[in-house]
1. Within the range 99-153, work out how many residues are of a type in the set (S, T, N, Q) and open to solvent by less than 30 Å² (accessible area, probe 1.4 Å).
2. How many residues, within the range 208-220, are under 15 Å from the mean Cα position of the chain (by Cα), more than 10 Å from the ligand (Cβ to nearest atom) and either at pLDDT below 95 or over 13 Å from residue 170 (Cβ atoms) (or both)?
3. Quick check on my filter: what residues within the range 189-204 are open to solvent by less than 30 Å² (accessible area, probe 1.4 Å) and under 15 Å from the mean Cα position of the chain (by Cα)?
4. Could you please give the count of residues in the range 91-112 that are in a helix (DSSP H, G or I), among the small types (Gly, Ala, Ser) and closer than 14 Å to residue 66 by Cβ?
5. Looking at residue 116, is it within 14 Å of the ligand (Cβ to nearest atom) and either in a loop (DSSP other than H, G, I, E, B) or modelled with pLDDT of 95 or more (or both)?
6. Filter the range 173-207 down to the residues that are touching a helix residue (DSSP H, G or I) at 6+ places or on another chain (Cβ under 7 Å), near the ligand (Cβ under 10 Å from one of its atoms) and either outside any loop (DSSP other than H, G, I, E, B) or at positive phi (or both) and list them by number.
7. Before we move on, is residue 223 within 25 Å of residue 86 (Cβ to Cβ), open to solvent by 20 Å² or more (accessible area, probe 1.4 Å) and either of a type in the set (Ser, Thr, Tyr) or away from the ligand (no atom under 12 Å from the Cβ) (or both)?
8. Residues being outside any strand (DSSP E or B) and either farther than 25 Å from residue 73 by Cα or in contact with a Pro (Cβ under 9 Å, 6 or more places away or on another chain) (or both): count how many of those fall in the range 126-139.
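The values are calculated or read from the model by the stated rules, or taken from the named source; none is laboratory data. Here the structure is a predicted model, which is why all the values come from computation and not from measurement. With ideal geometry, Cβ positions are generated from the backbone for all residues, glycine too; neighbour counts draw on all protein chains shown. Side chains included, ligands, DNA and RNA excluded: accessible areas come from the protein's heavy atoms. Shrake-Rupley method; radii C 1.70, N 1.55, O 1.52, S 1.80 Å.
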Amino acid sequence: MSTDDQPFNSSAVEDAYLSIRERVWRAAQNAGRDPASVKLVAVTKTFDAEHIRPVLRQGHVLFGENRIQEAMRKWPPLREEFPRAELHVIGPIQTNKAREAVAFFDCIETVDRPKLAAALAQEIQKQGRAPKLFVQVNIGEEPQKAGIAPDEAAAFVRQCEREYGLSIAGLMCIPPFDDDPVPFFEKMAALRKELGLLDLSMGMSGDFEAAIAAGATLVRVGSAIFGVR
Ligand SMILES: *Cc1c(COP(=O)(O)O)cnc(C)c1O
């Protein structure tokens, strides 16, 4: 499923994974933070089971997928083999996929609008299953990007909690692609603090160390572990 035509080399994935683990740990230390306070979400979108297994075999637990259908196709056998695996959805969710999102994932990082919050709340009640929920913030205020506007985030989190009875555990963002991410990471950290939330999911392959320095509690790393997509 990867675009790579080379024969798959599981030890290359293993080495890349261990090296990212090490860099995450060191970035936390360098920032004067407890390395245990920063979690690595291994982003497996577009990669098949063969690529994911070496990382699971290392005992890794947290994984991110951006498409619900793809995750539901790929992960059931992997979960059977590795029951401790936890799956985060990190991509946009259509309201009519709320049922699948609640049934299948351990954390939904992309709660970004009232309609989706209402649909998730209904499913959580119906299914008696409560994945962890993060609110996605469109921190660069980019028109094409999902997420709640930064100055509406506080009201939206409150609405999720009071109107829909949801418990919001944290915030997530994808900063603008071409800009220096640091000012956006710092804005997110301030927002997390202001709202008194625990988790902050930000930082990808190219910028996770800067995200950790700014206060990320989860970093989402794909290509630096699994290769180019
Ligand atoms: C793909 C993706 C990532 C990982 O990106 P890499 O650059 O491959 O590390 C992180 N977050 C989201 C929301 C993604 O879609």
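1. Number of matching residues: 3.
2. Of the residues in the range 208-220, 2 are under 15 Å from the mean Cα position of the chain (by Cα), more than 10 Å from the ligand (Cβ to nearest atom) and either at pLDDT below 95 or over 13 Å from residue 170 (Cβ atoms) (or both).
3. Hits for the range 189-204 are 199, 200, 201, 202, 203.
4. 1
5. Values: within 14 Å of the ligand (Cβ to nearest atom): no; either in a loop (DSSP other than H, G, I, E, B) or modelled with pLDDT of 95 or more (or both): yes.
So residue 116 does not fit the description; no.
6. Correct list: 173, 203.
7. Numbers: within 25 Å of residue 86 (Cβ to Cβ): yes; open to solvent by 20 Å² or more (accessible area, probe 1.4 Å): yes; either of a type in the set (Ser, Thr, Tyr) or away from the ligand (no atom under 12 Å from the Cβ) (or both): yes.
The answer is yes for residue 223.
8. Total meeting the criteria: 2.
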